[in-house]
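So the structure is just underneath, and the comments pick up after that.
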Amino acid sequence: MDNLLNSPHLDRLIDLALEEDIGPGDATTQAVIPPELQGEAHIRAKADLVAAGLPVAARVFERLDAKIVFAAAVDDGQEVTPGTVLARLTGPAASILTGERVALNFLQRLSGIATFTRAMAARVAGTDAVLVDTRKTTPGWRALEKYAVRLGGGHNHRLGLYDAVLIKNNHLTAVGGIGEAVRLAKANAHPRLKIEVEVTDLAGLEEALSAGADRILLDNMDDATLRRAVEITGGRAWLEASGGMTPERLPKVAATGVNFISMGALTHSAPAVDIHLRLIRTWR
């Protein structure tokens, strides 16, 4: 997270969010809050949740007004109950109120992902299956959302198109099949990159194994077919189950013996959690 916090990408994202919200100025705050007024505010959880994004919220206020002091009261990744103070802020009251929504948007979204991931990871606990995310993330937020997945106990699949080879159906259509696609990947991709190929049936699995794929994505297979795929593979490649993953199905898929379960819902469907900011006191 330290590298992310110091990255120009995060600052651009925060600045864009502030610009979007504030525009030419916070009309309400400028009209009713004296600029010299100082204040203390608390950010509290209003639900059971896994905290995520506190350093990002701190960075929001830092970018907005360096006079604000942001003190986190819990650690990212910590489970908290309703009413728990997540952070305390002191400084110009106007700036605290102006930055409130942007900071809470980051906190609520990222804590929602961490909280949902923690619940899903618990459903495969005690098995050898690893729960992983996908690239189905909010544009511009990927590094943050994948950070939240890790806080929740999940694992990251790939960060982007650059750090793994994943041959999917459209690639196969373009080059004529699994064997040729894997051959091209082995010949042209960086040797450090593992080669994964998506298959939709057991015949495709056999072809991917014969071609020497390192990892095989078993797309939208039922549980019985997944178990058979594990038997056929016999440890010759890593197997990833993907498609149609629900909370209820996760334990059943994990029991089939696959190595990984990818779940796009960790990022694209995790509900935001309820977190609020309240001004506690003011002074001049």
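Before moving on, here are some points about what is shown:
- Label point distance in nm, residue 161-residue 3, each placed 7 Å from Cα along Cα→Cβ: 2.2 nm
- Gyration tensor (alpha-carbon) shape descriptor, the stretch 98-200, a/c threshold 1.5: prolate
- The listed peptides 110-122, 146-158, ordered by packing as a protection proxy, come out as 110-122, 146-158 (highest mean of other Cβ atoms within 10 Å first).
- For the stretch 47-171, alpha-carbon Rg relative to the globular expectation (2.2 N^0.38 Å, N residues): 1.22
- Rounded if a/c under 1.5, otherwise prolate or oblate - the stretch 1-85, Cα gyration tensor axes: oblate
- Long-range lysine pairs (8 or more apart or interchain), the chain, Cα under 26 Å: 12
- Beta bridges per DSSP with both ends in the chain, % antiparallel, nearest 5: 50 percent
- Extending 7 Å from the Cα toward the beta-carbon at both residue 274 and residue 73 defines two label points whose distance is 1.8 nm.
- Under-5 Å amide H pairs with residue 275, H placed in peptide plane, nonlocal only: 46
- The slack between residue 46 and residue 171, meaning 0.36 nm per residue of separation minus the straight C-alpha distance, is 40.4 nm.
- Size descriptors for the chain, from the alpha-carbon set: Rg then Dmax equal 22.9, 75 Å.
- Cα gyration tensor shape of the stretch 103-155, rounded if a/c is under 1.5, else prolate or oblate by comparing a/b with b/c: oblate
- Each of residue 36 and residue 190 was given a label point 7 Å from its Cα along the Cα-to-Cβ line. The distance between the two points is 5.8 nm.
- Using alpha-carbon coordinates, inclination of helix 54-64 to the longest axis of the chain, degrees: 50 degrees
- Rounded tilt (10° steps) of 223-233 against the dominant C-alpha axis of the chain: 60 degrees
- Computed from phi, the 3J(HN,Hα) profile of the stretch 145-156 under the Karplus parametrisation 6.51, -1.76, 1.60 (θ = phi - 60°) reads 5, 6, 4, 5, 4, 4, 4, x, x, x, 10, 8 Hz, with x in place of Gly and Pro.
- Principal-axis tilt of helix 93-122 within the chain, Cα atoms, nearest 10 degrees: 30 degrees
Computed from the coordinates by the stated procedures, all read-outs in this text should not be read as laboratory data. Just so we're clear, the structure is a prediction, and the values are computed from it rather than from any experiment. Using ideal geometry, Cβ is built from the backbone for each residue, glycine included, and neighbour counts are taken over all protein chains shown.
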